[in-house]
Amino acid sequence: MPLNSPTDNHKDKIKKGKLYIVATPIGNKDDITLRAIKVLGEVDLIAAEDTRETGKLLAYHKIKNNLISYHEHNETRRAPELINKLEKGLSLALVSDAGTPSVSDPGYRLINEAIAENIRIIPVPGVSAATAALSASGLATDSFIFIGFTTKKKEKRKKQLKKLADENKTIIFYESPRRVLSFLDEIIEIMGDRYAVLAREMTKRYEEFIRGLLSEIKNNLKKRSSIKGEITLLVAGNDSSARVSMDAVRADIVKYLKVKETRLSELAKILSKKYDLPKNVIYDEALKIK
C-alpha cells in the first residue's frame, strides 16, 4: 500500500473522552468544590459506587445527569465498558460514596485501564477522611503513612501491624464500627498502648474526636450501647512522644496545679516541651484533672 494512501480508520478520527476523578463529601453535602459541581453537571456519564447515594448528592446540588454503577463487585466487568465509552469520545466522572475515589474505594482498575489506553485522567480534588482527621488530630503531620482498611484476615492483619510497629510516622487507619474494639486490642498488643486519635462521623452532626492512649479510647467506646459511623484512627509513630508515660504527665500536671497558679495554656506549653507531646494533649489532660 502506498504511504500516501487514504485510510478509513474511524477510531483514529474520534477524540477520546476524559476521565475525571471527582472527590465528594464524606458527610456534609456542602463540602464539595465548585469545580466538582461543574464537572458533575457537564460530563456525559457519572460512574458511582452507589447510584442512590450519589443521586442524593446530585439532587441536593440540583445537578441532573446520567448515572451508572461502578463498585468492587462489578468493576471487573464494568471497567472495559466504561473504557469503551471513553474511547468513543464520552467524558466520564468517577465518584465513590464519600471522599476520593481509588483511595480505599473502587477506581484502581478503571484508572489503570484508562492509563493503558492513553486516556486523559483529570483529578478534581476535595475531601479525604484521612487528611481531614490528620489536620485536626494534633499528631505529627509533616510525615505520615496511610494504611486505610487493613486485611480482614486476623493473622495477616497482625503481620501487617507488626511491620508497622517500628514506624516513626503517624499511622492512619480506616476501621468499621463493628471491628474497632478488637482492632484496638490488636494494636495495643503489638504496638503498645500509644497515644492516638479516633475520628468518628466527621463533618456530620455527631462529629467526634476521641484523644488519649489507645486503652483510654477503647474504654470510652466500651461504655457505649453502640458504636456508629465510619472511623478514622490515627496512631502516634514509634518515637519518644509515643513512649511517654501518661502517668508521669498527669503527675506533673497535678503538681503544677497545686503549687502554681498557671494558666492551662501556659501549662500545656511548658509540659509539651518537657515531654515532646502536642500541646493539645497536655491541655486536654489538664482539663480532665482540673
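Taking the criterion of being under 18 Å from residue 24 (Cβ atoms) and surrounded by fewer than 20 Cβ atoms within 10 Å (Cβ to Cβ), the residues of the range 121-141 that qualify are 121, 122, 123, 125, 126, 128, 131, 132. How many residues, within the range 150-172, are under 20 Å from the mean Cα position of the chain (by Cα) and surrounded by 12 or more Cβ atoms within 10 Å (Cβ to Cβ)? So the answer is 11.
Comparison of 203, 232 shows that the only residue that is modelled with pLDDT of 95 or more and touching a strand residue (DSSP E or B) at 6+ places or on another chain (Cβ under 6 Å) is 232. Among the residues of the range 67-81, those identified as surrounded by 11 or more Cβ atoms within 10 Å (Cβ to Cβ) and polar (S, T, N, Q) are 69, 74. Within the range 32-52, the residues that satisfy the criterion of being part of a loop (DSSP other than H, G, I, E, B) and surrounded by 17 or more Cβ atoms within 10 Å (Cβ to Cβ) are 32, 43, 49.
The values are calculated or read from the model by the stated rules, or taken from the named source; none is laboratory data. In this text, all values refer to a predicted model and were calculated from it rather than measured experimentally. No Cβ is skipped: glycine too gets one built from the backbone with ideal geometry, and neighbour counts run over all protein chains shown.
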